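So the structure is just underneath, and the comments pick up after that.
The values are calculated or read from the model by the stated rules, or taken from the named source; none is laboratory data. For clarity, every value in this text was computed on a predicted model and none was experimentally measured. Counting neighbours? That spans all protein chains shown, and the Cβs are built from the backbone with ideal geometry, glycine included. Quick note on the areas: whole protein, heavy atoms, side chains included, nothing else; ligands and nucleic acids left out. Shrake-Rupley method; radii C 1.70, N 1.55, O 1.52, S 1.80 Å.
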Amino acid sequence: MLKISFTKKELQELLDVIHFTPLQRRIIEYRLDEETRVSMADKENVSVSTIDREIKDIAVKIRKAYDSNLIVF
(Lines give C-alpha, C1' and ligand atoms only; values in the text may rest on other atoms or scores of the structure.)
Protein backbone atom coordinates (compact mmCIF):
# COMPACT_ATOMS: atom_id res chain seq x y z
CA MET A 1 0.00 0.00 0.00
CA LEU A 2 1.23 3.46 -0.86
CA LYS A 3 2.10 5.23 2.37
CA ILE A 4 1.88 8.98 2.16
CA SER A 5 4.55 10.21 4.55
CA PHE A 6 5.42 13.46 2.84
CA THR A 7 5.17 16.90 4.38
CA LYS A 8 2.65 19.29 2.88
CA LYS A 9 5.46 21.13 1.12
CA GLU A 10 6.91 17.90 -0.32
CA LEU A 11 3.50 16.70 -1.43
CA GLN A 12 2.76 20.01 -3.14
CA GLU A 13 6.12 19.80 -4.93
CA LEU A 14 5.21 16.31 -6.15
CA LEU A 15 1.86 17.52 -7.43
CA ASP A 16 3.51 20.48 -9.18
CA VAL A 17 6.29 18.47 -10.84
CA ILE A 18 4.64 15.15 -11.69
CA HIS A 19 1.66 14.81 -14.00
CA PHE A 20 -0.86 12.68 -12.15
CA THR A 21 -4.18 11.78 -13.73
CA PRO A 22 -7.31 13.11 -12.00
CA LEU A 23 -7.95 9.62 -10.58
CA GLN A 24 -4.40 9.39 -9.24
CA ARG A 25 -4.77 12.81 -7.56
CA ARG A 26 -7.99 11.67 -5.92
CA ILE A 27 -6.31 8.45 -4.75
CA ILE A 28 -3.54 10.51 -3.15
CA GLU A 29 -6.18 12.59 -1.36
CA TYR A 30 -7.98 9.44 -0.24
CA ARG A 31 -4.72 8.05 1.15
CA LEU A 32 -4.16 11.27 3.07
CA ASP A 33 -7.60 10.72 4.60
CA GLU A 34 -6.59 7.09 5.35
CA GLU A 35 -9.30 5.58 3.16
CA THR A 36 -9.09 1.88 2.43
CA ARG A 37 -8.62 0.50 -1.08
CA VAL A 38 -12.14 -0.95 -0.95
CA SER A 39 -13.71 2.38 -0.02
CA MET A 40 -11.69 4.12 -2.75
CA ALA A 41 -12.95 1.60 -5.28
CA ASP A 42 -16.53 2.12 -4.14
CA LYS A 43 -16.24 5.91 -4.36
CA GLU A 44 -14.68 5.76 -7.82
CA ASN A 45 -16.94 2.96 -9.06
CA VAL A 46 -13.95 0.85 -10.15
CA SER A 47 -12.48 -2.44 -9.00
CA VAL A 48 -9.97 -2.76 -6.18
CA SER A 49 -7.52 -4.06 -8.79
CA THR A 50 -7.81 -0.77 -10.66
CA ILE A 51 -7.05 1.13 -7.46
CA ASP A 52 -4.05 -1.14 -6.84
CA ARG A 53 -2.79 -0.57 -10.38
CA GLU A 54 -3.15 3.21 -10.02
CA ILE A 55 -1.32 3.15 -6.68
CA LYS A 56 1.50 1.24 -8.35
CA ASP A 57 1.59 3.82 -11.18
CA ILE A 58 1.75 6.65 -8.63
CA ALA A 59 4.72 5.00 -6.93
CA VAL A 60 6.46 4.46 -10.28
CA LYS A 61 5.97 8.12 -11.24
CA ILE A 62 7.35 9.30 -7.90
CA ARG A 63 10.36 6.95 -8.18
CA LYS A 64 11.03 8.05 -11.76
CA ALA A 65 10.89 11.75 -10.81
CA TYR A 66 13.20 11.09 -7.86
CA ASP A 67 15.67 9.11 -9.98
CA SER A 68 15.67 11.89 -12.60
CA ASN A 69 16.41 14.47 -9.89
CA LEU A 70 13.17 16.31 -10.64
CA ILE A 71 12.39 16.11 -6.95
CA VAL A 72 14.78 16.01 -4.01
CA PHE A 73 13.90 15.03 -0.46
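Points worth noting:
- Sole residue being touching an Asp or Glu at 6+ places or on another chain (Cβ under 7 Å) and in a helix (DSSP H, G or I), chosen from GLN24, GLN12: GLN24
- Residue match in the stretch 1-19 (condition: open to solvent by less than 30 Å² (accessible area, probe 1.4 Å) and either among the aromatic types (Phe, Trp, Tyr) or over 23 Å from LEU70 (Cα atoms) (or both)): no
- For ILE51, the criteria (1) open to solvent by 50 Å² or more (accessible area, probe 1.4 Å); (2) among the aliphatic types (A, V, I, L, M); (3) part of a helix (DSSP H, G or I) hold in every case but one, which is (1).
- Hits in the stretch 19-73 - residues which are of a type in the set (A, V, I, L, M) and more than 18 Å from SER5 (Cα to Cα): LEU23, VAL38, MET40, ALA41, VAL46, VAL48, ILE51, LEU70
- Qualifying residue in the stretch 59-69 (condition: open to solvent by 50 Å² or more (accessible area, probe 1.4 Å) and not in a helix (DSSP H, G or I)): yes
- The residue that is farthest from ARG63 (Cα to Cα), among those in the stretch 9-25 that are under 10 Å from the mean Cα position of the chain (by Cα) and in contact (Cβ under 8 Å) with a residue 40 or more places away in the chain, is PHE20.
- Residues in the stretch 29-48 that are open to solvent by 50 Å² or more (accessible area, probe 1.4 Å) and within 18 Å of LEU11 (Cβ to Cβ): 4 in all.
- The stretch 34-48, residues that are in a helix (DSSP H, G or I) and either modelled with pLDDT under 95 or of a type in the set (S, T, N, Q) (or both): SER39
- Search result, residues across the stretch 26-49 that are β-branched (Val, Ile, Thr) and within 13 Å of the chain's Cα centre (by Cα): ILE27, ILE28
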